[in-house]
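A.B. asks: Would you mind keeping the following structure in view while I ask a few things?
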Amino acid sequence: MFAGTIYIAVTKVVEQTVLSGQLNKAPAFWSANSLDEGLENLGRENALRDIAEGAVAAANNNNAGLESRISRQERMSHQVGFELERVNSRLAAGMAFLATVGSICPFVGLFGTVMGIVKALTKLAGTGDAGIEKVAGPVGEALIMTAAGLAVAVPAVVLYNLLGRRNKVLSDKARHFAIDVEKLMATSTKG
């Protein structure tokens, strides 16, 4: 579980750093003279570009049949929301593992401690010698399991909170961009 915690923490930090760099290109989009220039300013592999291109595609899509009854604005809102959900899903990936490790590891450690104490007491009962030197060693050894559980849980909880806070900041930036793109496309002419 500790190795999984470290792996997820490292991959999340890398992913968040990449996404942060992408989100920092938003001013370049807004300073462009045209939508095409703005998209180029964002670059090819950019979550903001996916949001903007989704809005453009939905705005320019001439649906037939029942889909034609859905307003252009509603189609854009739906597509922008969909693209934003993709960003948030990427951010949330792995966070449940950290939360699970942080919540169950103390109990796993406690279970190991209880089993160790039961084993030590059973062994002592069989020998009949219950001196402090005979009890302290096995009980102390059993307590190592609680310490190990906490040693895994504490970093997982700290990382969960730190990464969760960074996820919220990045998600908010993406959401604000998405709202502004939706407003831009709503005021632009169709086609």
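A.B. asks: Determine whether Ile144 is of a type in the set (A, V, I, L, M) and either outside any helix (DSSP H, G or I) or open to solvent by 90 Å² or more (accessible area, probe 1.4 Å) (or both).
C.D. replies: Details: of a type in the set (A, V, I, L, M): yes; either outside any helix (DSSP H, G or I) or open to solvent by 90 Å² or more (accessible area, probe 1.4 Å) (or both): yes.
So Ile144 passes the test.
A.B. asks: Turning to a different aspect of this structure: Please go through the stretch 167-191 and pick out each residue that is among the aliphatic types (A, V, I, L, M) and open to solvent by 30 Å² or more (accessible area, probe 1.4 Å).
C.D. replies: To start, the set of residues in the stretch 167-191 that are among the aliphatic types (A, V, I, L, M) comprises 169-170, 174, 178-179, 181, 184-186.
Matches in the stretch 167-191: Val169, Ile179, Leu184, Ala186.
A.B. asks: Continuing with the same structure: From the list Leu66, Leu124, pick out the single residue that is surrounded by 14 or more Cβ atoms within 10 Å (Cβ to Cβ) and part of a helix (DSSP H, G or I).
C.D. replies: Values: Leu66 fails: surrounded by 14 or more Cβ atoms within 10 Å (Cβ to Cβ).
Selected residue: Leu124, the only one of Leu66, Leu124 that is surrounded by 14 or more Cβ atoms within 10 Å (Cβ to Cβ) and part of a helix (DSSP H, G or I).
A.B. asks: From the list Gly164, Gly112, Gly102, Gly137, exactly one residue is closer than 30 Å to Phe2 by Cα, at pLDDT below 90 and either surrounded by 14 or more Cβ atoms within 10 Å (Cβ to Cβ) or within 30 Å of the chain's Cα centre (by Cα) (or both). Which is it?
C.D. replies: Gly112
A.B. asks: Can you name every residue in the stretch 1-34 that is assigned to a helix (DSSP H, G or I), open to solvent by 60 Å² or more (accessible area, probe 1.4 Å) and either in contact (Cβ under 8 Å) with a residue 24 or more places away in the chain or hydrophobic (A, V, I, L, M, F, W, C) (or both)?
C.D. replies: Within the stretch 1-34, Phe2, Ala3, Ile6, Val10, Val13, Val14, Val18, Trp30 meet the criteria.
A.B. asks: Scanning for something surrounded by 13 or more Cβ atoms within 10 Å (Cβ to Cβ) and closer than 30 Å to Ala3 by Cβ, does the stretch 39-61 turn up at least one residue?
C.D. replies: So far as the stretch 39-61 goes, yes, one or more of its residues are surrounded by 13 or more Cβ atoms within 10 Å (Cβ to Cβ) and closer than 30 Å to Ala3 by Cβ.
A.B. asks: Cβ-Cβ distance below 6 Å, separation of 6 or more or different chains: which pairs start in the stretch 126-154 with a residue that is on the phi < 0 side of the Ramachandran plot and end on one that is open to solvent by 70 Å² or more (accessible area, probe 1.4 Å) and assigned to a helix (DSSP H, G or I)?
C.D. replies: Between residues of the stretch 126-154 that are on the phi < 0 side of the Ramachandran plot and residues that are open to solvent by 70 Å² or more (accessible area, probe 1.4 Å) and assigned to a helix (DSSP H, G or I), the close pairs are Thr146/Leu110; Gly149/Val108; Val152/Phe2.
A.B. asks: I would also like to ask the following. Can Val87 be described as modelled with pLDDT of 90 or more, touching a Ser or Thr at 6+ places or on another chain (Cβ under 9 Å) and not in a loop (DSSP other than H, G, I, E, B)?
C.D. replies: Taking the combined requirement at face value, the residue satisfies it.
A.B. asks: While we're here: Assess whether Phe107 counts as being closer than 29 Å to Ile179 by Cβ and part of a helix (DSSP H, G or I).
C.D. replies: no
A.B. asks: Would you be able to say whether some residue in the stretch 163-184 is more than 30 Å from Pro27 (Cβ to Cβ) and assigned to a helix (DSSP H, G or I)?
C.D. replies: No, because not a single residue in the stretch 163-184 is more than 30 Å from Pro27 (Cβ to Cβ) and assigned to a helix (DSSP H, G or I).
The values are calculated or read from the model by the stated rules, or taken from the named source; none is laboratory data. These numbers were taken from a predicted model, which means no experiment stands behind them. Neighbour counts run over all protein chains shown; Cβ positions are idealised from the backbone, glycine included. Side chains are part of the model used for accessible areas, which takes the heavy atoms of the whole protein and leaves out ligands, DNA and RNA. Shrake-Rupley method; radii C 1.70, N 1.55, O 1.52, S 1.80 Å.
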